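Enquirer: The structure under discussion is supplied below as structure tokens; questions concerning it will follow.
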Amino acid sequence: MNKYKRLITLPLFLIFIATNFYWFKRHDDLSMYKQMLIVCASVAIFMAAALIEVFYAKNNRIRIRLFKIFVTLLLLYYLGFLCAVLFLDGFFFTRSATHYVNLVPFKTIKEFFATMRDENNLRAFGNLVGNAILFAPMGLLLPLWSKKFHNIFLFTFTIFVMVSGVEIFQHYSNMGTADVDDIILNVAGALMVFFVFKFIFFMVKDKIEMYFKDDDSNYQIKL
């Protein structure tokens, strides 16, 4: 398998690039659900190729290096995805022309719940879930990218600063609304994934670090 892995991974990486190029060029003609399907499929393809490269690396030193490279690339891809969703019109939805500021915690969340209860409105539910999952992958990507983000206080502070920066920029650039409830939902979603990651990592930490142990030294990757 080691000898033939590039025959598998190279086409997968090319498919990943082609899929995202198609998404970028045709996003205006695609529904939100089709765009999400394309993004999810392309990430799955990238991860499959990356896992093959890491698993069948020649030695653990190369495995560690490849792991860090692929996590960094995936993090950069997700940051690009966030920029497209948050700042570029036509990616997933058409940006509203209405701009407002809400500084009252849970006001918008309560309004969404009231709308769901009184009108059985799935769009309100979609807004709640969408805000909760938008930054959720950061709960996995940041701790994998650097062990510093295993610290819950640093992780929470970083996500809070990122989300707050987005809300402020959207408001002053007239690209969206500034809503404290968006910050609450974004941070909560990221923290939920972070806690799941920490629990799983705690359960399998010894096995992971042994698998990534350097062949020529006692160095181990610290995820």
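The values are calculated or read from the model by the stated rules, or taken from the named source; none is laboratory data. Predicted, not measured: the structure shown is a model, and the values here were computed from it. In this analysis, Cβ positions are derived from the backbone assuming ideal geometry, glycine residues included, and neighbour counts consider all displayed protein chains.
Enquirer: Give me the residue from segment 95-128 that is surrounded by 14 or more Cβ atoms within 10 Å (Cβ to Cβ) and among the β-branched types (Val, Ile, Thr) and, out of that set, modelled with the lowest pLDDT.
Expert: It comes out as Thr115.
Enquirer: Which residues, counting only those in segment 70-94, are modelled with pLDDT of 85 or more and either farther than 23 Å from Met36 by Cα or aliphatic (A, V, I, L, M) (or both)?
Expert: Matches in segment 70-94: Val71, Leu73, Leu74, Leu75, Leu76, Leu79, Leu82, Ala84, Val85, Leu86.
Enquirer: Sticking with this one: With segment 54-149 as the region, which helices (runs of 4 or more DSSP H) entirely inside it contain at least 2 residues that are out of contact with any Phe, Trp or Tyr (no Cβ under 7 Å at 6 or more places or on another chain), in contact (Cβ under 8 Å) with a residue 40 or more places away in the chain and closer than 20 Å to Ile183 by Cα?
Expert: Helices (runs of 4 or more DSSP H) meeting the threshold: 60-87, 107-119, 122-134.
Enquirer: Look at segment 181-210 and say how many of its residues are of a type outside the set (D, E, K, R) and surrounded by 17 or more Cβ atoms within 10 Å (Cβ to Cβ).
Expert: The total comes to 11.
Enquirer: Write out, first by first residue and then by second, each pair whose Cβ atoms fall under 8 Å of each other, whose residues are 6+ apart or on separate chains, and whose first residue, in segment 155-175, is under 24 Å from Asp89 (Cα atoms) while the second is among the charged types (D, E, K, R).
Expert: Pairs found: Val163/Asp182; Glu167/Asp179; Glu167/Asp182; Met175/Arg95.
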